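Here's the structure we're looking at; comments come further down.
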Amino acid sequence: MSTFEMISKHGDHEQVIFCHDKNVGLKAIIAIHNTVLGPALGGTRMFNYKNEDEALIDVLRLSKGMTYKASAAGLNLGGGKAVILGDSKTQKTEGLFRAFGQFVNSLNGKYITAEDVGTSVNDMEHIYMETPWVTGIPKDFGGSGDPSPYTAHGVLMGIKAAAHEKLGTDSLKGMRIAVQGLGNVGSNLVKYLVEEGAKVIIADIDQVRVKAHHDKYGVEVVAPDQILFTECDIQAPCAMGAIVNDQTIGKFRCKVIAGGANNQLAEARHGDQLRELGILYAPDYVVNAGGLMNVFVELEGYSPDRAFEKTKRVYDNVKKVFEISKRDNIGTHTAADRLAEERIKTIGYLKQHHPGKSNRSFTTLKEVNNR
Ligand code: NAD
């Protein structure tokens, strides 16, 4: 398949940029999927891809996902992503990231980068030396640092919205909530859930993390291969993707699935199957958008309080998905895509046709400081 055929197949992207600098060993691809709502924001992944086609498909798929995530989150951001081809453990250098930063800079803010798998705050610092179009920079540079507490707080809001929809209350007091994965997101979520008075059940393949959480909160522990099938009100997957698949779908004993992990459905049809089973699925990319909201606030001039406030919007966003699901009689996973697409269509129309049209995306640091 030709490169252009691949781009058409994976989302009809606006622009795909191949970045090459042999002096520093840089091979990278930036994919800008859609900028109708605003500049394309998405992290830079560094990964040892088997070949260039695999890297291209990954960046096309991930950048399209960012368009949907930003739109459903109600942010004035488009979708983009970048991949650097290479081993993140052995091939990172300052020169590599600064060269990449120069490519980002050449796009004049049409693409804004951030951390992702295989890249760190330090790498963002090197990119920042070449371009202002980077988020997730260190706190001492005015950045927002680790997004996980904000992601987790958004997940809490998503869980509350789903509980309200399915169980008639958004108080989580006394509810049994299973959390798979006690990493950056899961550990923050457990803290919030315990504060809410929920009966939390935990599992992780890392037994040190399990013990630390058990000792700190006195929460129930189950084996990692049992957590998904434990009897509970809400499953909150916060580890890896594709946890709803042909093998697991018949074994869930919960009323709601709402968690932070990306790509929870192995395939879209599993979303329909959950619906048939009467399990309410709160779509992952709507629920876990708190981290994206956090870096969006960084573009405006970072304030932890404003970022925290923003993550509360996940509640309404998840509710909107449920409304569309009922309105159109479709699964919530499809409803989330529809929410994102409808917003892009409406705002795109306004930007083109409205007499008072503006291309404003976000307020600037100066405006924020003048408030
Ligand atoms: P992490 O690597 O810090 O934590 C993942 C945890 O899951 C680890 O403790 C790991 O041991 C555990 N785990 C892995 N396989 C498991 C299994 N089979 N059973 C039980 N536990 C298992 O990752 P994270 O940053 O907390 O992210 C968790 C998920 O949320 C990922 O899918 C990620 O893509 C998604 N996400 C994270 C953020 C963020 O801000 N960090 C934002 C959006 C989405």
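Brief remarks follow.
- Condition broken by GLU300, with the remaining ones in (1) at pLDDT 95 or above; (2) in contact with a Leu (Cβ under 8 Å, 6 or more places away or on another chain); (3) more than 15 Å from the ligand (Cβ to nearest atom) satisfied: (1)
- Here the condition is being among the polar types (S, T, N, Q), within 22 Å of GLN273 (Cβ to Cβ) and within 10 Å of the ligand (Cβ to nearest atom); of GLN235, GLN180, it holds for GLN180 alone.
- Given (1) more than 18 Å from GLU298 (Cα to Cα); (2) without any contact (Cβ under 8 Å) to a residue 60 or more places away in the chain; (3) surrounded by 19 or more Cβ atoms within 10 Å (Cβ to Cβ), index of the condition GLN102 fails: (3)
- Elements of type helices (runs of 4 or more DSSP H) in region 241-329, at least 2 residues being more than 23 Å from THR44 (Cβ to Cβ): 268-277, 284-287, 304-311, 313-328
- Whichever residue in region 160-195 is in contact (Cβ under 8 Å) with a residue 24 or more places away in the chain and open to solvent by 60 Å² or more (accessible area, probe 1.4 Å) and, among such residues, is nearest to CYS232 (Cα to Cα): ARG176
- Residues in region 213-238 that are touching a residue at least 12 places away in the same chain (Cβ under 8 Å) and not in a strand (DSSP E or B): 16 in all.
- Filtered residues of region 115-133 (kept if closer than 16 Å to LEU299 by Cβ and either modelled with pLDDT of 95 or more or open to solvent by 60 Å² or more (accessible area, probe 1.4 Å) (or both)): GLU115, ILE127, TYR128, THR131, PRO132, TRP133
Residue by residue, here is whether (1) farther than 25 Å from TYR281 by Cβ; (2) within 14 Å of the ligand (Cβ to nearest atom); (3) not in a loop (DSSP other than H, G, I, E, B) holds:
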position	(1), (2), (3)
GLY136	yes, yes, no
ALA152	no, yes, yes
ALA163	no, no, yes
ASP170	no, no, no
SER187	no, yes, yes
TYR192	no, yes, yes
ILE205	no, yes, no
ARG209	yes, yes, yes
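- If you go through region 196-240 and keep only what is charged (D, E, K, R) and surrounded by fewer than 16 Cβ atoms within 10 Å (Cβ to Cβ), you end up with ASP206, LYS211, ASP215, LYS216, GLU220, ASP225, GLU231.
- A residue that is more than 18 Å from the chain's Cα centre (by Cα) and crowded, with 18+ Cβ neighbours inside 10 Å can be found somewhere in region 62-84.
- Residue ID - nearest to LEU167 (Cα to Cα), chosen from residues in region 239-271 that are within 11 Å of the ligand (Cβ to nearest atom) and in contact with a strand residue (DSSP E or B) (Cβ under 6 Å, 6 or more places away or on another chain): GLY259
The values are calculated or read from the model by the stated rules, or taken from the named source; none is laboratory data. Everything numeric here is computed off the predicted structure, so don't read it as measured data. Please note: Cβ atoms are built from the backbone with ideal geometry, for glycine as well, and neighbour counts cover all protein chains shown. Surface accessibility is based on the protein's heavy atoms, side chains included, excluding ligands, DNA and RNA. Shrake-Rupley method; radii C 1.70, N 1.55, O 1.52, S 1.80 Å.
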